[in-house]
1. Distance in nm between label sites at Ser51 and Glu294, each 7 Å beyond Cα in the beta-carbon direction?
2. Could you let me know the centre-to-centre spacing of the range 95-147 and the range 9-87, using Cα atoms, in angstrom?
3. In what order do Val143, Val251, Val202 fall by count of nearby beta-carbon atoms within 10 Å, going from fewest to most?
4. Hydropathy first: keep DSSP H helices in the chain averaging at least -0.5 on Kyte-Doolittle, then drop any whose Cα extent along the axis falls short of 18 Å, and list what survives.
5. Which percent of Cα-Cα pairs in the range 220-275 sits in each 5 Å bin, short to long?
6. Based on DSSP H runs of at least 4 residues, each adding -39500 (n - 2.57), what is the mean residue ellipticity at 222 nm of the chain after dividing by all its residues, to the nearest 500 deg cm²/dmol?
7. Here are some pairs, Lys12/Lys258; Lys99/Lys134; Lys117/Lys288; which of them have Cα atoms lying more than 18 Å apart in this structure?
8. Once you keep just the Cα pairs under 8 angstrom separated by 6 or more residues, what percentage relative contact order results for the range 175-278?
Amino acid sequence: MSRKERIIALKKARDATILAHNYQLPEIQELADVVGDSYELAREARNTHSSVIVFCGVLFMAETAKILNPEKKVLIPVRDATCPLADQLTPAMIRDAKKRHPGAAVVLYINSTAACKAHADVICTSANAVTVVKALPEQEVIVGPDANLAAYIQGKVPDKKIIAIPPGGHCYVHDCFSQKDLEAARARGGTIISHPECRPEVQRGSDIVASTGGMIRVVREHESVGAWNIFTEKEMGYRLKTLYPDHTFNVKDDAICKDMKKTTLANLLASLEKEQFEVVIPPDIMQKARGAIERMLVIGR
Ligand code: 13P
Ligand code: SF4
């Protein structure tokens, strides 16, 4: 049996669902039951009926799946597949910001650790950040850990005061897009879609700003075949091309999330064989973080 066939057989035997983020390698996307953005995968994790979830993505995503499914076994094939953006925020930073802004709500990006989520009023993803912030009664909102996403929210919700923590929090994959990329894309032609994790000036120079799931919806709803410049992680080009083969997608070849690429067929197979690596979160953190994630699922769309 090939590795792929063994994964499919074991998935059935273990009663497992494989969830994969849009940035996963093509061979992982092909095997997954569901491929999506952070919001879609969180919702999917909550609705799945299987007893095991194997999360092909990074740790905060697997933690979110576990928090929403405390009774299920949630596995991540690579223990150290983390998100460097999520690791830029600590619970101490949130406590400090709350002291400085006692009346403010705390909205954390889903790209944050479970320990940080336990200090949030509500979680958001790039797909629903604006909706979540608008729905809150508070006029002051602490947003972390992505300062570019915070700037994006501020632009869409000008009547509220957005406080970004930490001040320069960013994702190295998205922060690498620049004016030069915008100029090259304009010279090439086609629509420019950037992710809210890109710098504000890159967002302003784009035609559309959207989450990875939002990018799929934009292309789906476009009436004719188009040419697109995709300003996010490179594998999004593969994802879009499989869905819309007639369209043209230009990506930046070095916009690569190293942690997303750690998941391979070999370690996915090992994960199913040995039921590794199980996501374990202390019960108190789990309970507090769940409230913030559940609130997002209610007000976030
Ligand atoms: P999406 O929710 O848009 O897929 O973004 C997740 C992420 O990690 C972006 O870098
Ligand atoms: Fe984190 Fe950036 Fe990778 Fe997304 S692309 S998982 S934000 S490091």
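Where a number appears in this text, it was derived from the coordinates with a stated rule and is not lab data. In this text, all values refer to a predicted model and were calculated from it rather than measured experimentally. So basically every Cβ, Gly included, is an ideal-geometry build from the backbone, and we count neighbours across all protein chains shown.
1. For the pair Ser51/Glu294, the computed spacing is 2.5 nm.
2. One Cα centre to the other: 24 Å.
3. Ordered from fewest to most neighbouring Cβ atoms within 10 Å, Val143, Val251, Val202 come out as Val251, Val202, Val143.
4. Both cut-offs are met by 283-299.
5. Using 5 Å bins, I get a P(r) of 4, 16, 21, 16, 14, 12, 8, 6, 2, 0 for the range 220-275.
6. About -12000 deg cm²/dmol.
7. In this structure, Lys12/Lys258; Lys99/Lys134 exceed 18 Å between Cα atoms.
8. Dividing the mean separation by the residue count of the range 175-278 yields 21 percent.
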